[in-house]
Amino acid sequence: MERAFAAEVAKAGGPSESSVLATLAGAKMQQSILDAIARPAEATKPWSEYRPIFLTDKRIDDGIAFYRANRVLLDRIGNEYSVPPQVVVAIIGVETGYGRITGKYRVLDALATLAFHYPPRATFFRGELKQLFLLGDQQLAYPIDELRGSYAGAMGWGQFMPTSIAKWAKDEDGDGRIDLWNSLPDITASVANYFAAHGWQKDQPVAVRVQAASDARALNPANFEPVYPVQQMEAWGYAPIEYVDADVASTLLRLDGERGPEYWLTFKNFQVITRYNKSPLYSMAVWQLAQAIAAGAATPP
């Protein structure tokens, strides 16, 4: 299996077959990685339990402090990529606690373990491992056998997989390498570029809470594609609690909150956040954290 993989990498323009095999020989299968990926995800929790995990006072305060400390860079990145700086900050806050917890596993071990010992998603992780070799030491800031990340092989403050690095990561500081661990320009620009590339719409809404009428039309959207104009949602009994342009396309999200069901209109920008992580709970946590960070950073310390 490894030999066929090595030949595939070499054929795609990566290192030689012998070089790939030599690197893979140093990879270690980690049972703890297989155990971790088999555990139920946080997204299986209801919103009432999920939200307190990420919307803590500490995470908000740390996000405000991070924004204030790096405001010049963050505002420049926000303007360059037309993505709100607070959203970039919130992503790295949710993903790694503002860079404090970026993962303890060697990325090579994680991806090799899942590529060759986890049949349910072997094809996906084999592709990620292949991309890691194709990136190589020339594009990344450190040798691939030294990279550390999550049990799934996600790397850096923004937890990028190798294919995400290849497609959307940025060498913002211009040193010729992509460093998602120690270069704040690279880290923040990469996250911002991910959102820009997936269609973030500047100055457009993300999510708005609505009041559902007792006779509101039952809706159960299959995905997060915004297809209903806000005025249509209002006619169906879902009234936004703040102003939104009547013609903006939206869809409905129902969450199980502490005090019962919560109904939200979500828009294109919310869908973009779900491209980072498909869980609507994750996306809502990022958005609410971003709002709290922006509000706090706008006031004097």
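The values are calculated or read from the model by the stated rules, or taken from the named source; none is laboratory data. Just so we're clear, the structure is a prediction, and the values are computed from it rather than from any experiment. Ideal geometry is used to build each Cβ from the backbone, glycine not excepted, and the neighbour counts take in all protein chains shown. Calculation scope for accessible area: heavy atoms of the full protein, side chains included, ligands and nucleic acids excluded. Shrake-Rupley method; radii C 1.70, N 1.55, O 1.52, S 1.80 Å.
Rounding to the nearest 20 debye, state how big the charge dipole of the chain is about its Cα centre with +1 on each Lys and Arg Cβ and -1 on each Asp and Glu Cβ.
For this selection, approximately 500 debye.
As an exercise, take the mean of 1/r over every pair of distinct alpha carbons in region 174-301, invert it, and state the Kirkwood radius in angstroms.
Evaluated over region 174-301, this radius sits at 16.3 Å.
Using only the alpha-carbon atoms of region 51-210 as identical scatterers, what base-10 log of I(q)/I(0) does the Debye formula give at q = 0.10, 0.13, 0.20 Å⁻¹?
Those come out to -0.38, -0.64, -1.28, one per q.
Could you work out the Rg to Rh ratio of region 118-158, with Rh taken as the Kirkwood radius (inverse of the mean 1/r over all Cα pairs)?
On the Cα set of region 118-158, Rg over Rh gives 0.98.
How would you order 213-222, 80-89, 239-248, 15-24 from highest to lowest mean count of nearby Cβ atoms within 10 Å?
80-89, 15-24, 239-248, 213-222
From the residues THR56, GLY237, GLY136, which one has its Cα farthest along the dipole of the chain in the positive direction, the dipole being from +1 and -1 charges on Cβ of Lys/Arg and Asp/Glu about the Cα centre?
GLY136
Binning at 5 Å from 0, report for region 1-101 what percent of all alpha-carbon pair distances ends up in each bin.
Binned Cα distances yield the sequence 2, 10, 13, 11, 11, 9, 11, 14, 13, 5, 0.
Relative contact order (percent) for region 236-299, with alpha-carbon contacts under 8 angstrom and 6 or more residues of separation?
RCO, region 236-299: 19 percent.
Could you tell me which of THR251, THR96, GLY127 has its Cα farthest along the dipole of the chain towards the positive end, charges placed at Cβ (Lys, Arg +1; Asp, Glu -1), taken about the Cα centre?
In the chain, that residue is GLY127.
Can you list the residues of region 168-195 with backbone N under 12 Å from a point 7 Å past the Cα of ILE53, pointing along Cα to Cβ?
none
Which angle between 0 and 90 degrees, to the nearest 10, do you get for helix 2-11 versus the longest principal axis of the chain when only C-alpha atoms count?
For 2-11 against the chain, the angle is about 80 degrees.
Accessible surface of THR163 in the full protein assembly, 1.4 angstrom probe, to the nearest 10 Å²?
40
Can you give me the C-alpha center-to-center distance between region 225-273 and region 146-187, rounded to a whole angstrom?
34
For q = 0.17, 0.23 Å⁻¹, what log10 I(q)/I(0) does region 130-187 give under the Debye formula with an equal point scatterer on each alpha carbon and no solvent?
-0.46, -0.88
Can you give the accessible area per residue of region 129-232, in Å², using a 1.4 Å probe?
That works out to 46 Å² for each residue.
If I fit a long axis through the Cα atoms of helix 71-81 and take the longest principal axis of the Cα atoms of the chain, what angle between them do I get, 0 to 90°, rounded to 10?
For 71-81 against the chain, the angle is about 90 degrees.
Any idea how far apart ARG275 and ARG259 come out in nm if each label point goes 7 Å out from Cα toward Cβ?
Here the modelled spin labels are 3.5 nm apart.
Relative to the first principal axis of the alpha-carbon coordinates of the chain, what is the inclination of helix 280-297, with its axis defined by its Cα atoms, in degrees from 0 to 90 and to the nearest 10?
Between helix and principal axis, roughly 80 degrees.
At what distance in nm do the modelled label points of ASP247 and VAL72 sit from each other, each positioned 7 Å from its Cα along Cα→Cβ?
Here the modelled spin labels are 4.2 nm apart.
Carbon-plus-sulfur fraction of the accessible area of the chain, 1.4 Å probe, in percent?
48
Mind grabbing the accessible area of PHE116 for me, 1.4 Å probe, Å², rounded to tens?
Taking all protein chains as shown, PHE116 has close to 30 Å².
When only Cα pairs under 8 Å and 6 or more residues apart are kept, what is the percent relative contact order across region 52-169?
It rounds to 26 percent for region 52-169.
I want to verify the translational diffusion coefficient of the chain in µm²/s; compute it with Stokes-Einstein, Rh as the Kirkwood radius over Cα pairs, at 37 °C and 0.692 mPa s.
158
With the crude spin-label approximation of a point 7 Å out along Cα→Cβ, what separation in nm comes out for HIS198 versus ALA235?
Taking the two extended label points, one gets 3.2 nm.
Restricting to Cα atoms and excluding each atom paired with itself, what does the Kirkwood estimate give for region 120-241 in Å?
Final number for the Kirkwood radius of region 120-241 is 17.5 Å.
Can you flag which of LYS45/LYS278; LYS28/LYS170; LYS202/LYS268 are past 21 Å Cα-Cα?
Beyond 21 Å between Cα atoms: LYS28/LYS170.
Would you tell me the accessible area of GLU2, worked out with a 1.4 angstrom probe on the heavy atoms of the protein chains, in Å² to the nearest 10?
About 80 Å², rounded to the nearest 10.
Which listed residue (ALA41, HIS198, SER164) has the Cα farthest towards the positive end of the charge dipole for the chain, taking +1 on Lys and Arg C-beta and -1 on Asp and Glu C-beta about the Cα centre?
ALA41
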